[in-house]
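The values are calculated or read from the model by the stated rules, or taken from the named source; none is laboratory data. The structure presented is a predicted model; accordingly, all values stated were derived computationally and were not measured. Note that we place each Cβ from the backbone using ideal geometry, even for glycine, and neighbour counts take in every protein chain shown.
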Amino acid sequence: MTARQSLLVGTLTAVLTAGSPAVTALAVQAAPPNLSAPPAVTAPAPVRLSLPAPTGWSPVGTTVLHLVDPRRADLWAPTPRPRELMAQVWYPAAACGSSGLPRAPWTGAAEQARLETDFLGITAPGRLVWPLTHSLVNAPAEHTGRHPVVLYSPGSRGDRAFGTAEAEDLASRGYVVVGIDHTFDAGEVRFPDGRLEVRNTPAVHAMTDEEIVAYRTADTRFVLDRLTDLAAGTNPDAEHRELPSGLGPALDLTAVGMLGHSMGGATALQTLHDDARVLAATTMDGPVFGTSATDGVDRPLLLLGASDVRPARDAMWDALWPRLTSWRRQLTLNGSGHLSFSDFAVLLPAARPVLGWPAEQLDQLLGSLDGTRAAAVQRVYLAAFFDLHLRHRPTTLFDRPSALYPEITHRR
């Protein structure tokens with residue numbers, strides 16, 4: 001095509017966009033008669049993401065709770081209001097009555113869109129097809145007995161969805177897992193009325209790390225209070241939406257543990273310190289802030305860390321260690337990075353074509369260990385930890401290295 005032809009085609013395009021019939025006709029008459037059609041542009045194929053299937057024996061159900069604490073003003077909200085949280089519950093589902101129910105999305109469409117642009121920095125969003133989980137929405141709970149409860153707190157800017165793979169696996173093994181969105185610290189939280197509340201970074205940063213952990217711990221204890229109401233037969237949901245049948249009776253609140261990643265790990269440790277209802281906790285690559293740092297804890301604690309050297313984290317764990325007066329272990333997941341302890345271990349490598357990140361940036365976050373393997377090893381050790389301390393089932397995994405899981409190094 002000549003330069004003159006290109007100019008005419010450009011003019012035609014502009015005119016057609018403007019939409020004037022008279023000028024459009026003139027432009028069509030002026031167009032060269034033998035222009036070849038431009039080559040068709042093929043849209044990039046969507047990149048589909050998936051999560052590993054749970055490894056336990058039970059189907060998994062899930063539901064969400066909208067919880068409002070009228071006794072606490074929300075210190076992070078941009079306008080005065082009571083503290084308001086969303087929590088997600090994963091639980092063993094009854095096979096009867098679960099067929100035909102939809103699988104829950106990893107997160108909703110509004111959260112996914114913001115996650116792509118704000119958290120992942122994707123400049124051309126919409127190419128990722130985020131996964132459906134393996135959990136059935138509002139399935140009836142398995143009703144043959146009560147199940148231990150594990151609370152989950154994500155890291156700073158993290159959403160409850162980031163721990164879905166671990167939560168589903170524990171639920172498939174007979175646990176009820178409750179993930180907490182710490183509103184205005186989480187990247188995005190959608191409420192039943194359609195609001196999408198995003199992280200209020202200035203408000204969070206106005207607090208010290210110790211104050212942030214204390215605030216998150218108060219969230220966690222409030223959620224545990226509402227679970228107590230649920231187990232007693234009260235619906236704690238702010239809108240009193242119908243909950244899955246049998247969910248309240250499925251909760252064994254005499255056997256509560258906690259799991260957290262990064263700042264969620266610090267939250268798990270502080271909750272273990274503050275609340276006697278929590279019998280054991282795991283911090284996954286988390287710092288140590290608050291009174292737990294000086295007091296230590298008197299119940300079982302697992303420190304599960306990434307293999308990269310970080311002097312600040314290592315110094316915190318070294319200082320905490322002699323203050324742990326109960327069962328304690330420190331393990332390292334070899335070849336892992338900080339985000340290896342989240343669903344991003346499996347999601348980000350698959351999303352690499354869309355992310356456009358330099359390889360070294362992804363390696364820094366995830367390490368060299370295959371994400372699927374990282375998730376599989378964590379699942380085994382987390383289940384063994386909670387089985388040991390909430391169900392009193394013996395294991396040798398924490399006594400010595402295992403030939404089956406050479407990725408785990410026993411530090412102490």
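What the table shows:
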| item | result |
| --- | --- |
| Hey, Ala139 in contact (Cβ under 8 Å) with a residue 40 or more places away in the chain, buried (at least 22 other Cβ atoms within 10 Å of the Cβ), in the same structural domain as Leu251 (by TED's automatic domain parsing) and out of contact with any helix residue (DSSP H, G or I) (no Cβ under 7 Å at 6 or more places or on another chain) or not | yes |
| Lone unmet requirement of (1) in contact with a Lys or Arg (Cβ under 7 Å, 6 or more places away or on another chain); (2) within 28 Å of Ala53 (Cα to Cα) for Thr144 | (1) |
| Exclusive hit being assigned by TED's automatic domain parsing to the domain that holds Pro59, closer than 16 Å to Leu65 by Cα and either in a loop (DSSP other than H, G, I, E, B) or not aliphatic (A, V, I, L, M) (or both), set Thr183, Thr123 | Thr183 |
| Check on Val278, touching a Lys or Arg at 6+ places or on another chain (Cβ under 6 Å), buried (at least 22 other Cβ atoms within 10 Å of the Cβ) and closer than 24 Å to His392 by Cβ | no |
| Criterion (exposed (fewer than 14 other Cβ atoms within 10 Å of the Cβ) and over 21 Å from the mean Cα position of the chain (by Cα)) met by exactly one of Pro82, Pro102 | Pro82 |
| Qualifying residue in the stretch 284-299 (condition: in the same structural domain as Thr220 (by TED's automatic domain parsing), under 21 Å from the mean Cα position of the chain (by Cα) and part of a strand (DSSP E or B)) | yes |
| Which numbered condition Val223 fails, given (1) surrounded by 14 or more Cβ atoms within 10 Å (Cβ to Cβ); (2) outside any helix (DSSP H, G or I) | (2) |
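Residue-by-condition table, conditions (1) within 21 Å of the chain's Cα centre (by Cα); (2) surrounded by 15 or more Cβ atoms within 10 Å (Cβ to Cβ); (3) touching a residue at least 12 places away in the same chain (Cβ under 8 Å); (4) in a loop (DSSP other than H, G, I, E, B):
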{"residue": "Val189", "(1), (2), (3), (4)": "yes, yes, yes, no"}
{"residue": "Gly194", "(1), (2), (3), (4)": "yes, no, no, yes"}
{"residue": "Pro202", "(1), (2), (3), (4)": "no, no, no, no"}
{"residue": "Glu211", "(1), (2), (3), (4)": "no, no, no, no"}
{"residue": "Pro236", "(1), (2), (3), (4)": "no, yes, yes, yes"}
